[in-house]
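The values are calculated or read from the model by the stated rules, or taken from the named source; none is laboratory data. Please read all numbers here as calculations on a predicted model, not as lab measurements. Cβ placement follows ideal geometry from the backbone for every residue including glycine, while neighbour counts extend to all protein chains displayed.
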Amino acid sequence: MKNQCDKCGKPATVYLTEIVDGQKIEKHLCEHCAAAEGITIKANVPISQLLEDFILQSAGGEDEAPEPTCEVCGMTFSQFRQGGRLGCPNDYDAFAKPLAPLLERAHEGATQHLGKVPHRADSGQKKQAAILRLRAQLKAAIADEDYERAAVLRDQIKEFESS
């Protein structure tokens, strides 16, 4: 692979391969010459953002409502998706609709944060956390009309509560 631009001899950073009339043509260009040919380069764009942009464009996403933004901290939902952290407590309300499926996956069907039990927690706290988790699973099983699983979960909850 060449390391020099085909046009000016500077170090090449853009490598293109075109097929014209069945023949492979390779171009090696520096950023300046690539821009002169009308080739735009997006540097350091995460693949997730490229895929999201592609899906929105192919689905006609430009005509949709504007992206949700928190009125308190100014964070957009795509900024959250890119960084993985919310900006302030108000973001849970501002992004409630798009966050719901993410929270359900993270919390085993629950739509509210249940928290984790510390390793040093006493058995009472661990038991209470287990009951909360089972109740969330029970609620999901009932919503899915999986009554056999719901009966098993109900019995497990009763067993925890009686012990």
- Out of the residues in the stretch 23-46 that are at pLDDT below 85 and surrounded by fewer than 10 Cβ atoms within 10 Å (Cβ to Cβ), state the one that is farthest from Gln82 (Cα to Cα). Gly38
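Going by what's in this entry, would Ala110 be described as modelled with pLDDT under 80, within 23 Å of the chain's Cα centre (by Cα) and not charged (D, E, K, R)? Please lay out each step first, then the result.
Values: modelled with pLDDT under 80: yes; within 23 Å of the chain's Cα centre (by Cα): yes; not charged (D, E, K, R): yes.
Yes, satisfied.
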